[in-house]
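Below is one structure, written out as structure tokens, with a few remarks after it.
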Amino acid sequence: MRVLVAWCPDWSVTAGMFELAETGEAQHPASQPAAVLANNIVEVCNGAARAEGVRRGQRRRDAQSRCPELVLLPANPERDVRYFEPVLATVEDLRPGVAPIRPGLLAVSAPGRYFGGEPHAAALLSQHLVDAGVWDCRFGVADDLFTAEQAARQAPVQDCVVVSPGASAAFIQALPVRVLADTVDGGAEGRELADLLRRLGLPTLGDFARLSRAEVSNRFGAFGLSVWQRAQGGAPTRLGSREPPPELACEIGFEPPLESAEAVCFSVRTTAERFVAGLAERQLVAVAVRIEAEADGVVMSARTWLHPRCFTSRDLIDRVHWQLQAGMASSGLRSRRDAGAVSAPVERVRFLPETVEPASAHAEGLWGGGADEQVTRGVARVQAMIGFDAVRTPVLQGGRSVADRQSTVAWGERPVGLRPLDRPWPGRIPGPAPSRVFAVPPAAEVVDEAGRSVTVTERGAVTGEPWRYRIDAAADVAARRWTPVASWAGPWPVDDAWWVSEGGAGRSARFQVVGVDGRAWLLVWRATGWEAEAGYD
């Protein structure tokens, strides 16, 4: 069996640029230097970035110093897989039995004479991938998977390198050992083996192949033996071809197009029920659904909706209504007189399941649902009545102040864009966390024994010991009176945005203060004065 490998270099960067273009956050041409970062280290960079001196393993600041216009993309394996799915589907349309190896790399049995030969088959695949928006695609054909992958890495853009039958060993043995770092299952082991072989004076795979099997097995272990077998040209190929996913999407067209959100929601009811029933036939439920609305043949509104449990037909209709209302509000066409109008007449609505789960994982208990399920259904009904964004869930995120550590997301949505909790966050106060955080911190005063206002110097030193305090809280009469300090802790100084602040406006320091009345407060000193950030009730 001959193997054809399709390789899309720097796929993480390509997927990140696709996401930017789709969300409309930025428009970057394909030739724009870009890199994917993980932990502030360059993980993948494209050819334009490499031409400017950016390399894998560089720190973020080093990469930006070499290329100031570098587009920085966060590492996201889920995004890479999601945007590689259309590539797999494109190849499956021409040649079933695609084996996805990793995002950016796939293998399939070489078509042979069906398309007029292996080079013609690769040219046809290249044409379809370019039509799908993947410009940098390269192909390799050989007797085994390892050789075909290395042939694809030698191919020019949108071209193919064909290794003749029986010539895999000669082709592989001419390659340097550094190719082991990028093999199908190389990774860290491949990089270590390549470095070891170079230090032993074996610069090519041919030099490694001339060793005996016993020497390789004893010295380099199981991975070294598998590489030695590949260099001999005798590595077996087993393609784990995937089964194409069933078509679960449903859509409905309107003729003539509908001009009100209410009319659209009424008309999609049967389609939503058919969508849920189609999943149920396969014992599946959807927990993430993408809803698209078309106008004049163009998708004018698209959004992925999440559900904390699973979608019913009623939930889908609510999401359609919220999505059209949001598009209507953003277009400025909403008015009291025409509260159901959308930005353009809708001619098609489409439901696409993005995440499905077994229905057994969401089945009710033997004696019905519990309190959690009742709460979920109750919140869903409230959300349907007052709007999607009106019901929100508190979530924790990283930050120095207690106010920065709290955020809210719409109920049912996955939190995204939050600051990580596992960072050090210097200046953050220790636990326990206060129970009450003021939305608008009231002003406060803290004085020492002589009645002078307590401040914090640039070096973080306190000018005096806190002796008394009072808080200008309108709803708390007791806090407005001067209260002697029973104990205090701090300061925890922070200098936020010192590069943009003037006159030390970014400096602050937090104190935990307990009054003789037993009440505890989190007070913040700033250059403009004191304020109460939270209370320990």
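The values are calculated or read from the model by the stated rules, or taken from the named source; none is laboratory data. Predicted, not measured: the structure shown is a model, and the values here were computed from it. So basically every Cβ, Gly included, is an ideal-geometry build from the backbone, and we count neighbours across all protein chains shown.
The residues of segment 52-87 that are over 20 Å from residue 103 (Cα atoms) and either assigned to a strand (DSSP E or B) or β-branched (Val, Ile, Thr) (or both), listed by number, are 54, 59, 71. The residue of segment 147-181 that is nearest to residue 122 (Cα to Cα), among those that are touching a residue at least 24 places away in the same chain (Cβ under 8 Å) and among the β-branched types (Val, Ile, Thr), is 162.
Taken across segment 21-30, residues that are part of a loop (DSSP other than H, G, I, E, B), in contact (Cβ under 8 Å) with a residue 60 or more places away in the chain and surrounded by fewer than 22 Cβ atoms within 10 Å (Cβ to Cβ) do occur, with at least one present. Only one of the listed residues (445, 449, 465, 458) is in contact (Cβ under 8 Å) with a residue 24 or more places away in the chain and assigned to a loop (DSSP other than H, G, I, E, B). That residue is 458. Across segment 61-101, the number of residues qualifying as of a type in the set (Lys, Arg) and either at pLDDT below 90 or on the phi > 0 side of the Ramachandran plot (or both) comes to 3.
Which residue pairs have Cβ atoms closer than 7 Å, lie 6 or more positions apart in sequence or on different chains, and pair a first residue in segment 121-144 that is without any contact (Cβ under 8 Å) to a residue 60 or more places away in the chain and small (Gly, Ala, Ser) with a second residue that is assigned to a helix (DSSP H, G or I) and surrounded by fewer than 21 Cβ atoms within 10 Å (Cβ to Cβ)? That search, which allows pairs on different chains as well, returns 132/86; 132/90. Going residue by residue through segment 162-170, is there one that turns out to be assigned to a strand (DSSP E or B), at pLDDT 85 or above and more than 13 Å from residue 227 (Cα to Cα)? Within segment 162-170, one or more residues are assigned to a strand (DSSP E or B), at pLDDT 85 or above and more than 13 Å from residue 227 (Cα to Cα). With respect to (1) exposed (fewer than 12 other Cβ atoms within 10 Å of the Cβ); (2) under 23 Å from residue 510 (Cβ atoms); (3) out of contact with any Gly (no Cβ under 7 Å at 6 or more places or on another chain), the lone exception for residue 417 is condition (2). As a summary of the residue check, residue 202 satisfies the conditions (1) hydrophobic (A, V, I, L, M, F, W, C); (2) out of contact with any Phe, Trp or Tyr (no Cβ under 6 Å at 6 or more places or on another chain); (3) buried (at least 17 other Cβ atoms within 10 Å of the Cβ); (4) more than 19 Å from residue 101 (Cβ to Cβ) except for the one numbered (2). Just a yes or no: is a residue in segment 517-537 more than 16 Å from residue 403 (Cβ to Cβ), among the aliphatic types (A, V, I, L, M), at pLDDT 90 or above and over 44 Å from the mean Cα position of the chain (by Cα)? The answer is no, given that none of the residues of segment 517-537 is more than 16 Å from residue 403 (Cβ to Cβ), among the aliphatic types (A, V, I, L, M), at pLDDT 90 or above and over 44 Å from the mean Cα position of the chain (by Cα).
Whether any residue in segment 482-495 is of a type in the set (A, V, I, L, M), touching a residue at least 40 places away in the same chain (Cβ under 8 Å) and under 22 Å from residue 431 (Cα atoms) is what I want to check. There is at least one residue in segment 482-495 that is of a type in the set (A, V, I, L, M), touching a residue at least 40 places away in the same chain (Cβ under 8 Å) and under 22 Å from residue 431 (Cα atoms).
Here is a yes/no grid of residues against (1) of a type in the set (Val, Ile, Thr); (2) over 19 Å from residue 400 (Cβ atoms):
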| site | (1), (2) |
| --- | --- |
| 417 | no, no |
| 438 | no, no |
| 447 | yes, yes |
| 456 | yes, no |
| 463 | yes, yes |
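With respect to residue 470, is the statement that it is under 36 Å from the mean Cα position of the chain (by Cα) and more than 28 Å from residue 394 (Cβ to Cβ) true?
Working: under 36 Å from the mean Cα position of the chain (by Cα): no; more than 28 Å from residue 394 (Cβ to Cβ): yes.
No; evaluated as a whole, the condition is false for this residue.
Here the condition is being surrounded by 13 or more Cβ atoms within 10 Å (Cβ to Cβ), at negative phi and at pLDDT below 70; of 331, 301, 313, it holds for 331 alone. Output the residues belonging to segment 117-146 that are in a helix (DSSP H, G or I), more than 17 Å from residue 104 (Cα to Cα) and in contact with a helix residue (DSSP H, G or I) (Cβ under 9 Å, 6 or more places away or on another chain). Hits for segment 117-146 are 118, 121, 123, 124. Filtered by the rule that a residue be touching a strand residue (DSSP E or B) at 6+ places or on another chain (Cβ under 8 Å) and exposed (fewer than 15 other Cβ atoms within 10 Å of the Cβ), segment 387-402 gives 389, 392, 393, 394, 395, 396, 397. Return yes or no: is residue 39 in the same structural domain as residue 102 (by TED's automatic domain parsing), among the polar types (S, T, N, Q) and surrounded by 16 or more Cβ atoms within 10 Å (Cβ to Cβ)? For residue 39, the condition - in the same structural domain as residue 102 (by TED's automatic domain parsing), among the polar types (S, T, N, Q) and surrounded by 16 or more Cβ atoms within 10 Å (Cβ to Cβ) - is not met.
Scanning segment 71-105 for residues that are farther than 16 Å from residue 4 by Cα and free of Cβ contacts under 8 Å to residues at least 60 places away in the same chain, which turns out surrounded by the most Cβ atoms within 10 Å (Cβ to Cβ)? Taking the candidates together, the pick is 71. With respect to the conditions (1) within 20 Å of residue 495 (Cβ to Cβ); (2) out of contact with any Pro (no Cβ under 9 Å at 6 or more places or on another chain); (3) free of Cβ contacts under 8 Å to residues at least 60 places away in the same chain, residue 428 lacks only one, and its number is (3).
Would it be correct to say that residue 485 is at pLDDT below 85 and part of a strand (DSSP E or B)? No: the conditions fail for residue 485.
Residues in segment 489-516 that are among the small types (Gly, Ala, Ser), farther than 19 Å from residue 477 by Cβ and at pLDDT 85 or above: 489, 508, 509.
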